[in-house]
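Worksheet for the structure shown next.
The values are calculated or read from the model by the stated rules, or taken from the named source; none is laboratory data. None of these values were measured; they are calculated from a predicted model. When we count neighbours, we look across all protein chains shown, and the Cβ atoms used for this are built from the backbone with ideal geometry, even at glycine.
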Amino acid sequence: MNDRYVSPLSERYAGREMQFLFSPDMKFRTWRKLWIALAEAEHELGLPVTKEQIEELKRHADDINYDVAKKREAQVRHDVMSHVYAYGVQCPKAKGIIHLGATSCYVGDNTDIIIMAQALRLVKKKLVNVMAELAKFALKYRDLPTLAFTHFQPAQPTTVGKRATLWLQELRLDLEDLDYVLGSLRLLGSKGTTGTQASFLELFEGDHEKVKQLDQKIAEKMGFAGCYEVSGQTYSRKVDTRVLNVLGGIAASAHKFSNDIRLLQHLKEIEEPFEKNQIGSSAMAYKRNPMRSERIASLSRYVMVDCMNPAITSATQWFERTLDDSANKRLSIPEAFLAVDGILTLYLNVVDGLVVYPKVIEKHLMAELPFMATENIMMDAVKAGGDRQELHERIRTLSMEAGRNVKEKGLENNLLELIAADPAFHMSLEELQKSMDPAKYTGRAKEQTEEYIEEVIRPILKENQELLGMKAEVTV
């Protein structure tokens, strides 16, 4: 296999479970399940399909004779009819009723929906496990003060745990979108060549009610609540757009997280896992590059851009169907799922192994805290009899001077010393230093973290507890 292109999504990033869902074996087994469901429903509604024929179909549901199908396709140039033929070779008694009344989209489109539904469930499983790990991390560091940033400029402090709830909240929104789209998925059903069900109406001799029941029976046999009420030959390609928008949302959330981790690793405050024998750079042996987070960002950008594919495909379909969707769907949908599978594996691995350096966090925070404490200092000085307007101007002037000392001279922040030396404040350096407790400036960060985890996240994890317990290993 070294002499041809192999997708990195399969070779490096996606797990085996997700890869199987988009494999030929999964597709063709699902085709056979759909042919069995069709035969069963037609039998139950009175068409001349026997139990013996159905049992024969079931016996060969999984032992697909690929060699026969491949040889036939080389002759007829039609994948569905090749597999109908191959199934018929194995099932001579049922040969005449396989695919009865159906078009190619009966197996093709229904299978696409079935696979996307299963793939979304696997994405949900990984997403919930990432949320569980983030919740643990947030609670562990709920009261560790850290420098917060707006515009990547030092701002009012927060806590490490509170910052993690921001990552968590975005995943919670993604989960809500996923659940909604997954819950709204329906099968195409048996709609016929242009979606009018004309062939089935002919089979059932004009009985509209039986044609409607056929759709519902097939849906229930395949584990769905129902079928889309109307369609052309295919289900609306808008469905693919909705599904990939969910994946794009997850990718965007993961990208945001990975950016924050990369910035924090630059600051040496938090690092992603770094293995004992891992090499950070071929030239600089000391480096610890955030390669997992960088890979999350890289794959996430791919998925976000890939979301354009089904949107454009949906927008450019002609009337009841055209075939310019087919090649695009074969690429854009599986690869989006494979990429998101890899992204969530990386996300889980990173969160599970995050290393926090409290001393570095404290050092950075304390270097900036005097600026952030000035409002409290000013209020204390006012209480001692000072004039607020005058004190505000003095603090502004002294803050500028301290800032110049840091930026232009490379000195430590000496704002407290400057304030203590100013007679307008009537405060000693010792008194000022007592106000330098970071916990005084984090507001409700700790409480917000606890409340969010307890009131919002725990119910979600409890509802999905059967999905929990995953561990993520990164292979490259």
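The single condition among (1) surrounded by fewer than 16 Cβ atoms within 10 Å (Cβ to Cβ); (2) more than 39 Å from the chain's Cα centre (by Cα) that Leu47 does not satisfy is (1).
Being of a type in the set (Phe, Trp, Tyr), in contact with a helix residue (DSSP H, G or I) (Cβ under 7 Å, 6 or more places away or on another chain) and surrounded by fewer than 23 Cβ atoms within 10 Å (Cβ to Cβ) is the requirement here; does Tyr347 meet it? Taking the combined requirement at face value, the residue does not satisfy it.
Does the range 92-103 include one or more residues that are among the polar types (S, T, N, Q) and under 16 Å from Ala37 (Cβ atoms)? Yes, because at least one residue in the range 92-103 is among the polar types (S, T, N, Q) and under 16 Å from Ala37 (Cβ atoms). Taking each residue of the range 59-83 that is under 17 Å from Val107 (Cα atoms) and looking for partners that are hydroxyl-bearing (Ser, Thr, Tyr) with beta-carbon atoms closer than 6 Å, six or more apart or interchain, yields Ala69/Ser82; Glu73/Ser82; Val80/Ser104.
When Ile97 is tested against the conditions (1) under 30 Å from Asp240 (Cα atoms); (2) surrounded by 13 or more Cβ atoms within 10 Å (Cβ to Cβ), the lone failure is (1).
The residues in the range 326-370 that are among the aromatic types (Phe, Trp, Tyr) and free of Cβ contacts under 8 Å to residues at least 60 places away in the same chain can be counted, and the count is 0. Condition check for Arg186 on (1) over 26 Å from the mean Cα position of the chain (by Cα); (2) within 30 Å of His99 (Cα to Cα): one failure, at (1). Among the conditions (1) touching a strand residue (DSSP E or B) at 6+ places or on another chain (Cβ under 6 Å); (2) within 30 Å of Leu134 (Cβ to Cβ), the only one that Asp215 does not satisfy is (2).
For Arg72, indicate whether it is over 25 Å from Ala219 (Cβ atoms) and modelled with pLDDT under 95. For Arg72, the condition - over 25 Å from Ala219 (Cβ atoms) and modelled with pLDDT under 95 - is not met. Restricting attention to the range 266-281 and to residues that are outside any strand (DSSP E or B) and at pLDDT 85 or above, the residue that is nearest to Arg163 (Cα to Cα) turns out to be Glu269.
One line per residue, one yes/no per condition, for (1) under 30 Å from His43 (Cβ atoms); (2) not aromatic (Phe, Trp, Tyr):
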{"residue": "His151", "(1), (2)": "no, yes"}
{"residue": "Pro154", "(1), (2)": "no, yes"}
{"residue": "Pro157", "(1), (2)": "no, yes"}
{"residue": "Trp167", "(1), (2)": "no, no"}
{"residue": "Arg172", "(1), (2)": "no, yes"}
{"residue": "Leu185", "(1), (2)": "yes, yes"}
{"residue": "Ser199", "(1), (2)": "yes, yes"}
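Are any residues in the range 371-393 in contact with a helix residue (DSSP H, G or I) (Cβ under 8 Å, 6 or more places away or on another chain) and without any contact (Cβ under 8 Å) to a residue 40 or more places away in the chain, and if so, which ones? Of everything in the range 371-393, those that are in contact with a helix residue (DSSP H, G or I) (Cβ under 8 Å, 6 or more places away or on another chain) and without any contact (Cβ under 8 Å) to a residue 40 or more places away in the chain turn out to be Met378, Val382, Arg388, Leu391, His392.
Residues that are over 27 Å from the mean Cα position of the chain (by Cα) and among the polar types (S, T, N, Q) do occur in the range 322-340. Considering only the range 356-398, state which residues are touching a strand residue (DSSP E or B) at 6+ places or on another chain (Cβ under 8 Å), part of a helix (DSSP H, G or I) and aliphatic (A, V, I, L, M). Hits for the range 356-398 are Ile361, Leu365, Leu369, Met372. Against the test of being farther than 26 Å from Arg330 by Cβ and either basic (Lys, Arg) or not assigned by TED's automatic domain parsing to the domain that holds Ser326 (or both), the options Leu38, Leu21, Leu9, Leu57 yield a single qualifying residue, Leu57.
When Gly223 is tested against (1) surrounded by 14 or more Cβ atoms within 10 Å (Cβ to Cβ); (2) at pLDDT 95 or above, exactly one condition is not met: (1). Leu187 passes every criterion in (1) out of contact with any Phe, Trp or Tyr (no Cβ under 6 Å at 6 or more places or on another chain); (2) over 30 Å from Pro145 (Cα atoms) apart from (1). Scanning the range 183-210 for residues that are surrounded by fewer than 22 Cβ atoms within 10 Å (Cβ to Cβ), among the hydrophobic types (A, V, I, L, M, F, W, C) and assigned to a helix (DSSP H, G or I) yields a total of 3.
May I ask you to list the residues in the range 217-235 that are closer than 11 Å to Ile113 by Cβ and in contact with a helix residue (DSSP H, G or I) (Cβ under 7 Å, 6 or more places away or on another chain)? Those that are closer than 11 Å to Ile113 by Cβ and in contact with a helix residue (DSSP H, G or I) (Cβ under 7 Å, 6 or more places away or on another chain): Met222, Cys227, Thr234, Tyr235. If you filter the range 59-101 down to residues that are among the aliphatic types (A, V, I, L, M) and in contact with an Asp or Glu (Cβ under 9 Å, 6 or more places away or on another chain), you find that the one that is nearest to Glu202 (Cα to Cα) is Leu100.
Taking each residue of the range 3-16 that is under 19 Å from Asp306 (Cβ atoms) and looking for partners that are surrounded by fewer than 17 Cβ atoms within 10 Å (Cβ to Cβ) with beta-carbon atoms closer than 8 Å, six or more apart or interchain, yields Arg12/Thr475; Arg12/Val476.
Could you tell me which residue of the range 403-435 is modelled with the highest pLDDT, considering only residues that are among the small types (Gly, Ala, Ser) and over 22 Å from Asp387 (Cα atoms)? Top of the filtered list is Gly410.
Considering (1) assigned to a loop (DSSP other than H, G, I, E, B); (2) under 19 Å from Ala117 (Cα atoms); (3) of a type in the set (D, E, K, R), the lone condition that Arg321 does not fulfil carries the number (2).
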